Amino acid sequence: MDAVTRRWRTALFLFMLAAGTGMASWVARTPAVRDGLDVSTGSMGLVLFGLSVGSMAGVMSSGPLVRRYGGRGAISVGASLIVTGLLVVAAGTGLSLAAGVFCGLALFGGGMGLAEVAFNIEGAAVESVIGRPVLPVLHGCFSLGTVVGALLGMGLTAAAFPVGRHLALVAALIAAAAVRAVLSIPHGTGKDDGNGAPGSGGLRGQLAVWRDRRLVLIGVIVLAMAFAEGAANDWLPLLMVDGYEVSATAGSLTFLVFASSMTLGRFAGGPLLERFGRAVVVRISAVVAALGLAVVIVAPSPAMAGAATVLWGLGASLGFPVTVSVAGDHPHDAAARVGAVSTAGYLAFLVGPPGLGFLADHIGLRLAMTVVLALVIVAATLAGALGSGRRTAAEPDPVTP
């Protein structure tokens with residue numbers, strides 16, 4: 001690997017670590033933000049909706065921006081929105097302005113959605129250069145950042161450190177990582193230069209990639225595995241509190257166990273993928289996640305359910321990055337395919353968990369998780385569509401449009 005590619009890869013890892021820290025820092029200080037705004041839980045739910053609105057907008061606009069300006073340009077815009085959003089949230093909290101926090105979360109979510117899809121495209125490009133898995137470690141850095149951010153948030157909360165100052169410091173950290181990333185990422189990755197496949201540009205080109213039946217199967221897998229990850233991120237602490245009657249602290253610690261398992265699985269995934277291939281690894285991962293979910297749903301004790309989240313986290317860890325990597329194995333439309341599959345995954349992150357909440361109102365969170373279990377089983381069944389390993393650009397796609 002030459003020095004330029006090494007700096008490129010390192011910059012991606014560093015920014016994803018910072019982004020994960022930023023996301024978890026915000027989540028950890030949510031109670032302090034609510035207290036600063038002096039609003040009810042229901043009103044706080046409306047404030048939090050800003051994050052969903054922004055994230056959806058960022059995810060949907062990322063592909064077109066990458067095609068027009070390249071991954072570097074999209075990441076620059078996304079990072080700017082993330083930093084600005086955190087600063088606006090900090091200011092809104094200090095001034096007790098719920099509308100300000102809503103706008104800040106919209107900016108933050110838009111930046112995260114925009115930057116992360118672009119980073120998947122960049123990561124897939126690095127993989128094609130060095131011929132080794134990169135995306136699992138890239139997502140592992142984000143997961144590690146969530147662990148760091150959660151621990152930092154817990155510590156600063158215990159020390160009664162002002163939430164505004166905390167978020168401002170995290171914004172400065174992300175800004176520094178973004179500058180390093182932008183300076184190290186080459187120009188033009190994913191940019192539509194007019195020499196790709198016919199009709200590859202614009203909305204029509206984005207939709208055209210879904211004519212490939214294999215990509216549709218890959219999209220279903222990434223949607224299912226992203227749903228499993230997002231369900232835990234949004235509902236695992238509350239599931240433990242409501243479903244097993246543990247304390248809020250115990251519920252948070254259970255989520256920390258899950259996040260740590262995700263991190264471990266992603267960092268350990270590279271050698272496994274090189275040895276056994278992507279289809280085998282994702283199939284086994286999905287089975288492990290299904291086993292963990294099943295135990296969480298039916299466990300007779302909170303201790304057993306908490307231990308099962310290790311399996312849930314390990315199993316869900318590789319599904320998203322590996323399927324995105326597979327989508328990038330195409331001689332012409334790699335960026336378009338990665339963008340399409342990434343968008344499907346992030347839509348599952350955003351839309352799926354709220355749907356689980358609606359279902360849980362009627363049958364409870366434990367039973368609602370059977371939907372996630374069913375989707376993970378579907379992912380295990382379809383894993384053969386991922387192929388045994390990486391293909392070179394000279395090899396044809398196994399299933400043509």
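The values are calculated or read from the model by the stated rules, or taken from the named source; none is laboratory data. Small disclaimer: the values here were computed from a predicted structure and weren't measured. FYI the Cβ positions are ideal-geometry reconstructions off the backbone, even for glycines, and counts take in every protein chain you see.
Let's see how each residue does on (1) crowded, with 19+ Cβ neighbours inside 10 Å; (2) modelled with pLDDT under 80; (3) in contact with a Phe, Trp or Tyr (Cβ under 7 Å, 6 or more places away or on another chain); (4) assigned to a loop (DSSP other than H, G, I, E, B):
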| site | (1), (2), (3), (4) |
| --- | --- |
| LEU12 | yes, no, yes, no |
| SER25 | yes, no, no, no |
| MET44 | no, yes, no, no |
| VAL47 | yes, no, yes, no |
| GLY58 | yes, no, no, no |
| SER61 | no, no, no, no |
| VAL66 | yes, no, no, no |
| GLY71 | yes, no, no, no |
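Given the conditions (1) without any contact (Cβ under 8 Å) to a residue 60 or more places away in the chain; (2) part of a helix (DSSP H, G or I), which single one is not true for VAL147?
Condition (1) is where VAL147 drops out.
For every residue, the table says whether it meets (1) at pLDDT below 85; (2) crowded, with 23+ Cβ neighbours inside 10 Å; (3) not assigned by TED's automatic domain parsing to the domain that holds VAL66.
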| residue | (1), (2), (3) |
| --- | --- |
| GLY123 | no, yes, no |
| GLY153 | yes, yes, no |
| VAL182 | no, no, no |
| ALA208 | yes, no, yes |
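Considering every residue within the stretch 372-381, establish whether at least one is out of contact with any Asp or Glu (no Cβ under 7 Å at 6 or more places or on another chain), of a type in the set (A, V, I, L, M), modelled with pLDDT under 80 and not in a loop (DSSP other than H, G, I, E, B). So that I can check it myself, show each step before the final result.
Step one: list which residues in the stretch 372-381 are out of contact with any Asp or Glu (no Cβ under 7 Å at 6 or more places or on another chain), which gives 372-381.
Next cut, of a type in the set (A, V, I, L, M) only: 372-380.
Filter once more, keeping what is modelled with pLDDT under 80: none.
No, there is no match, as no residue in the stretch 372-381 is out of contact with any Asp or Glu (no Cβ under 7 Å at 6 or more places or on another chain), of a type in the set (A, V, I, L, M), modelled with pLDDT under 80 and not in a loop (DSSP other than H, G, I, E, B).
Tell me which residues, restricted to the stretch 94-130, are of a type outside the set (A, V, I, L, M) and more than 17 Å from ALA24 (Cα to Cα).
The first filter runs over the stretch 94-130 and keeps only residues of a type outside the set (A, V, I, L, M), leaving 94, 96, 100, 102-104, 108-111, 113, 116, 119-120, 122-123, 127-128.
Once the filter is applied, which keeps residues that are of a type outside the set (A, V, I, L, M) and more than 17 Å from ALA24 (Cα to Cα), the stretch 94-130 yields GLY94, SER96, GLY100, PHE102, CYS103, PHE119, ASN120, GLU122, GLY123, GLU127, SER128.
Modelled with pLDDT under 90, touching a Phe, Trp or Tyr at 6+ places or on another chain (Cβ under 7 Å) and crowded, with 19+ Cβ neighbours inside 10 Å, is that true of VAL89? If you could, list the steps in order and put the result at the bottom.
Details: modelled with pLDDT under 90: no; touching a Phe, Trp or Tyr at 6+ places or on another chain (Cβ under 7 Å): yes; crowded, with 19+ Cβ neighbours inside 10 Å: yes.
Judged against the criteria, VAL89 is not a match.
Any residue at all in the stretch 343-355 that is more than 19 Å from ARG278 (Cα to Cα), at pLDDT 75 or above, outside the structural domain of PHE49 (by TED's automatic domain parsing) and more than 14 Å from the chain's Cα centre (by Cα)?
Our first condition is that a residue be more than 19 Å from ARG278 (Cα to Cα); within the stretch 343-355, this holds for 343-344, 346-355.
From what's left, at pLDDT 75 or above: 343-344, 346-348, 355.
Next, from what is left, pick out any that are outside the structural domain of PHE49 (by TED's automatic domain parsing): 343-344, 346-348, 355.
Going one step further and asking which of them are more than 14 Å from the chain's Cα centre (by Cα), we end up with 355.
Yes; the residues of the stretch 343-355 include at least one that is more than 19 Å from ARG278 (Cα to Cα), at pLDDT 75 or above, outside the structural domain of PHE49 (by TED's automatic domain parsing) and more than 14 Å from the chain's Cα centre (by Cα).
Just the residues that are among the polar types (S, T, N, Q) and over 21 Å from ILE174 (Cα atoms), please, taken from the stretch 23-64. Spell out how you get there, then give the answer.
Let us first name the residues in the stretch 23-64 that are among the polar types (S, T, N, Q), namely 25, 30, 40-41, 43, 52, 55, 61-62.
Of everything in the stretch 23-64, those that are among the polar types (S, T, N, Q) and over 21 Å from ILE174 (Cα atoms) turn out to be SER40, THR41, SER43, SER61.
Confirm whether VAL77 is out of contact with any His (no Cβ under 7 Å at 6 or more places or on another chain) and surrounded by 18 or more Cβ atoms within 10 Å (Cβ to Cβ).
Numbers: out of contact with any His (no Cβ under 7 Å at 6 or more places or on another chain): yes; surrounded by 18 or more Cβ atoms within 10 Å (Cβ to Cβ): yes.
Spelling it out, VAL77 is indeed out of contact with any His (no Cβ under 7 Å at 6 or more places or on another chain) and surrounded by 18 or more Cβ atoms within 10 Å (Cβ to Cβ).
Being aromatic (Phe, Trp, Tyr), under 18 Å from SER342 (Cα atoms) and surrounded by 24 or more Cβ atoms within 10 Å (Cβ to Cβ), is that true of even one residue in the stretch 94-117? Outline the logic, then answer.
Within the stretch 94-117, the subset aromatic (Phe, Trp, Tyr) is 102, 108.
Narrowing further to those that are under 18 Å from SER342 (Cα atoms): none.
Within the stretch 94-117, none of the residues are aromatic (Phe, Trp, Tyr), under 18 Å from SER342 (Cα atoms) and surrounded by 24 or more Cβ atoms within 10 Å (Cβ to Cβ).
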